[in-house]
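Q: I'd like to ask you about the structure that follows.
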Amino acid sequence: MSLKAGIVGLPNVGKSTLFSALTLNEAEMANYAFTTIEPNIAIVNLEDPRLYELAKIVQTEKIVPATFQFVDIAGLVAGASKGEGLGNKFLANIREVDAIVHVIRCFENADIMHVNNKIDPISDLKTINIELILADLQTIENVINRIGKKAQNSGDKELKFEFEVALKIRNALENEIMVKNLDLSLEEQAVIKSYQLLTAKPTIYVANLDSDSFKNLESAKYYQELNKYLQDKKEILIPICIKLEYELCKFNDEEKEMFLNEYNIECSGLNLIIKKSFYLLNQATYFTAGKIEARAWVFKKGMNAAQCAGIIHTDFEKKFVKAEVIKYEDYVALNGEKGCREAGKIAIEGKNYIMQDGDVCFFRVAK
């Protein structure tokens, strides 16, 4: 179950360079608006030191980390919701992702054109968000037109509820409120899930700075303006210098450490984006470990043992019998399954057990 994040933004803000750095692939880059037409898609490993520790204990050379897909979606422009700049195609690409990474330009560079010929991060952010809102309004209007008469004239309670939810969403969008910022009940969320609304997707904002501004964030004018704006809206903003991150990918471990020390940061901006995307989607990891392989599996927090078994294979959920669960800390402290069994640290759990991040599991299924 590989999660997917779409990298969006205006043309020439650094999306393709970010994609190349994230994936170590050379996405096509050029100084004009529509370099990326078909979305570049790449799979990035979710690095987790716990997995390598487990592999050492079970003495397996095969390590299979969880993965995250990143999609480099072409630059959106004002009017995208009406088809401007191949907008309809790009908006369709965004519908397919789980989360959005929105890159915003916070640097001056006369050699790199800006689609609006001026640097204004808040205006750029609003341009993209308005296009997403307008696209969602079209979707909701279609729903209202499709079910409106029947919902109002029939006794179908489910259809009437869907109609009421659609009206609520339309009202929010008309007031430029994104769906992800609404306090929706679980029932309302279930109703709109099939709509694939763009503004319902969790979003991470990335401020792309030049190296000087990145080194001195407190005096970085564009970043500070954007940070204040997004803080007021309780949104996540990650400041990075995408150009430096791209170069960092070519460094050896020693050079990377020197870079991190120079800029007084604990981990690269790329790793931060991956971690924040994972967090934003409310994900966690469980492990399976044996002589054949050590593997990480991603699941949504709140899933039970049977559902998590189904991530490995759908039959595992249907034929689930029980799960043997060991806490990661116990597994490491007692040097594996044998030590945990002797110490009574293996819990036998039924299908309704709520899986926890770091659980090491062995699932028993019926034949």
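Q: For a quick check of your reading of the model, give me the residue pairs whose first member lies in region 111-125 and is within 18 Å of Asp210 (Cβ to Cβ) and in the same structural domain as Lys221 (by TED's automatic domain parsing), whose second is assigned to a loop (DSSP other than H, G, I, E, B) and not basic (Lys, Arg), with beta-carbon atoms closer than 7 Å and at least 6 apart or on different chains.
A: Ile112/Asn12; Ile112/Asn31; Met113/Asn12; Met113/Asn31; His114/Asn12; Ile119/Glu108; Pro121/Cys106; Asp124/Leu10
Q: Further question: On the given criteria, is Gly290 crowded, with 16+ Cβ neighbours inside 10 Å and not hydrophobic (A, V, I, L, M, F, W, C)?
A: Judged against the criteria, Gly290 is not a match.
Q: Restricting to helices (runs of 4 or more DSSP H) lying wholly in region 210-329: which have 3 or more residues that are assigned by TED's automatic domain parsing to the domain that holds Arg50 and under 16 Å from Ala66 (Cβ atoms)?
A: 269-280
Q: Being under 30 Å from the mean Cα position of the chain (by Cα) and loosely packed, with under 14 Cβ neighbours inside 10 Å is the filter here, so list the residues in region 328-355 that pass it.
A: Once the filter is applied, which keeps residues that are under 30 Å from the mean Cα position of the chain (by Cα) and loosely packed, with under 14 Cβ neighbours inside 10 Å, region 328-355 yields Glu329, Asn352, Ile354.
Q: Would you confirm whether any residue within region 244-252 is over 24 Å from the mean Cα position of the chain (by Cα) and modelled with pLDDT of 95 or more?
A: no
Q: Return yes when Val179 is under 27 Å from Ile238 (Cβ atoms), in contact (Cβ under 8 Å) with a residue 12 or more places away in the chain and assigned by TED's automatic domain parsing to the domain that holds Glu108 and no when it is not.
A: Taking the combined requirement at face value, the residue satisfies it.
Q: Kindly provide the set of residues from region 330-344 that are closer than 16 Å to Gly358 by Cα and either without any contact (Cβ under 8 Å) to a residue 12 or more places away in the chain or part of a helix (DSSP H, G or I) (or both), ordered by number.
A: Asp330, Tyr331, Val332, Ala333, Leu334, Glu337, Cys340
The values are calculated or read from the model by the stated rules, or taken from the named source; none is laboratory data. What you are looking at is a predicted structure, and each value in this text was computed from that prediction instead of being measured. Glycine gets a Cβ as well: all are built from the backbone with ideal geometry, and neighbour counts include every protein chain shown.
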